[in-house]
1. ALA162 is checked against (1) open to solvent by 30 Å² or more (accessible area, probe 1.4 Å); (2) more than 20 Å from GLU106 (Cβ to Cβ) and fails just one. What number does that condition carry?
2. Output the qualifying pairs, or none if there are none: Cβ atoms under 7 angstrom, residues six or more apart or on different chains, first residue in the range 227-245 and within 18 Å of GLN262 (Cα to Cα), second residue among the hydrophobic types (A, V, I, L, M, F, W, C) and outside any helix (DSSP H, G or I).
3. What single numbered condition from (1) in contact with a helix residue (DSSP H, G or I) (Cβ under 7 Å, 6 or more places away or on another chain); (2) within 22 Å of ALA109 (Cβ to Cβ); (3) not in a strand (DSSP E or B) fails to hold for LEU228?
4. Against the condition under 18 Å from PRO165 (Cα atoms), open to solvent by 50 Å² or more (accessible area, probe 1.4 Å) and out of contact with any strand residue (DSSP E or B) (no Cβ under 6 Å at 6 or more places or on another chain), how does SER9 come out, does it pass?
5. Among all residue pairs at least 6 apart or on different chains, which show Cβ distances below 6 Å where the first residue, located in the range 352-376, is on the phi > 0 side of the Ramachandran plot and the second is assigned to a helix (DSSP H, G or I) and open to solvent by less than 50 Å² (accessible area, probe 1.4 Å)?
6. Which one is farthest from THR225 (Cα to Cα), of the residues in the range 242-262 that are open to solvent by 50 Å² or more (accessible area, probe 1.4 Å) and outside any helix (DSSP H, G or I)?
7. Could you pull out the residue among LEU42, LEU90 that is surrounded by fewer than 18 Cβ atoms within 10 Å (Cβ to Cβ), over 22 Å from MET170 (Cβ atoms) and not basic (Lys, Arg)?
8. Of all helices (runs of 4 or more DSSP H) completely enclosed by the range 263-379, which ones contain at least 3 residues that are open to solvent by 70 Å² or more (accessible area, probe 1.4 Å) and at pLDDT below 85?
Amino acid sequence: MDNKNFLRSLGGYAVNRGTKEEGLTLAGLLMFGKGLSIRERLENFRFDFLDMTNLIGDRRWSDRLTYDGTWENNIYNFIKIVLPKLVSDLKRPFVLEGFQRKDDTEVHASIREAMMNSIIHCDYHQAGILKIIKKDNEFIFSNPGRLKISIEEIYEGGNSVARNPKIQTMLRMIGYGENIGSGFPMILKTWKAENWRKPELLENENLSCVELHLHMISLLPQEITEYLSQIFKEDYFLLNAEEQMILSITYMDKEITNEKIQLLLNTHVVEVGKYLSDLVKKEMLVVNQNGRWTTYSINEKYGVSLISSLESDEDLNKTDREILEYLKNNKKITSKDVIKVTNISSISGANKALKRLFDKNLLKKTRIKNSVFYEIKEC
């Protein structure tokens with residue numbers, strides 16, 4: 001085909017049958033047009049790609065593609081330049097299909113799909129940036145515009161309302177973009193299979209933009225599990241899997257909301273509320289009340305007690321310090337434990353030592369059935 005018929009087949013060139021007027025469609029201009037022509041038609045819109053991997057010192061990015069005069073900035077060139085950069089360091093297992101090596105993986109396909117979704121659903125008439133950011137353990141796809149269906153419907157799959165159907169058709173005709181409604185569920189399935197944190201689709205109503213975050217981080221990575229177990233000691237391992245995941249997500253994000261946990265764990269609001277309430281009662285989470293925007297953060301001072309302020313207290317004798325030192329590492333102590341860690345040799349003597357600390361308001365007493373034990377009284 002010549003250029004005109006090729007563009008007509010793609011939907012990039014059209015003829016008005018009534019007026020006989022003909023020319024590029026907006027989709028054709030955005031896909032193949034010159035950057036100057038696109039900016040004259042859509043003066044407040046631009047593309048941007050940032051590679052923020054392997055940063056050294058004060059460098060803000062290791063690679064960037066923006067309007068710098070080195071490339072013709074249309075959608076086709078943006079895809080052609082950026083997509084290889086996105087997947088360049090993803091693992092490619094050696095797989096043969098017949099006699100052909102298959103380099104494409106589900107992760108590669110999902111990254112490609114995320115980029116196509118951002119392009120297809122972008123509002124090009126709105127001032128803003130179609131931005132893609134690559135980090136060491138995360139991809140962020142951001143585009144101007146509002147979602148045309150709810151986030152819940154998107155996560156359920158089977159629904160798709162493209163803002164730019166002609167651009168969608170062009171991309172599909174060259175092998176980019178899944179069938180209607182199947183793209184995002186494919187991403188979710190891939191991320192779940194990799195045991196990575198569930199993709200986050202966010203809509204910012206104030207800025208009128210949509211972001212997709214693809215974290216390549218395990219929900220319970222070993223380094224985070226080790227950190228949380230250092231804070232919460234053996235209490236961490238008494239939690240159920242959902243509570244451990246909530247703490248892990250909170251640690252990674254610094255703070256979380258009920259809505260975000262619902263999204264990431266695919267759990268009902270009532271269940272999430274119960275988990276959060278229990279973790280607050282256990283003093284593992286700190287609640288920051290702010291109406292519907294209430295957030296939760298890790299209680300970094302969990303288990304921090306009066307001990308640190310008592311180390312120089314001259315009123316404490318050797319036995320007192322031995323008891324408090326034991327509690328510092330074990331959280332609970334009984335009369336029998338006192339006999340093990342001090343020079344006291346009788347239950348009555350041990351009870352007397354514990355009562356002395358109790359009377360000083362340093363310990364709290366707990367009874368479970370016939371068992372009595374003491375804990376450090378928190379600040």
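1. Unmet condition: (1).
2. Pairs that qualify, where the first residue is within 18 Å of GLN262 (Cα to Cα) and the partner is among the hydrophobic types (A, V, I, L, M, F, W, C) and outside any helix (DSSP H, G or I), are GLN244/LEU220; MET245/LEU219; MET245/LEU220.
3. The one condition LEU228 does not meet is (2).
4. Judged against the criteria, SER9 is a match.
5. none
6. Out of the qualifying residues, it is GLU255.
7. Working: LEU42 fails: over 22 Å from MET170 (Cβ atoms).
Just a single option satisfies the conditions, and that option is LEU90.
8. Working: elements: 269-281, 307-310, 318-330, 335-341, 347-359.
Ranges flagged: 318-330.
The values are calculated or read from the model by the stated rules, or taken from the named source; none is laboratory data. In this text the structure is predicted, and so the values were computed from the model without any measurement. So basically every Cβ, Gly included, is an ideal-geometry build from the backbone, and we count neighbours across all protein chains shown. What goes into the accessible areas is simple: the full protein's heavy atoms, side chains included, and nothing from ligands, DNA or RNA. Shrake-Rupley method; radii C 1.70, N 1.55, O 1.52, S 1.80 Å.
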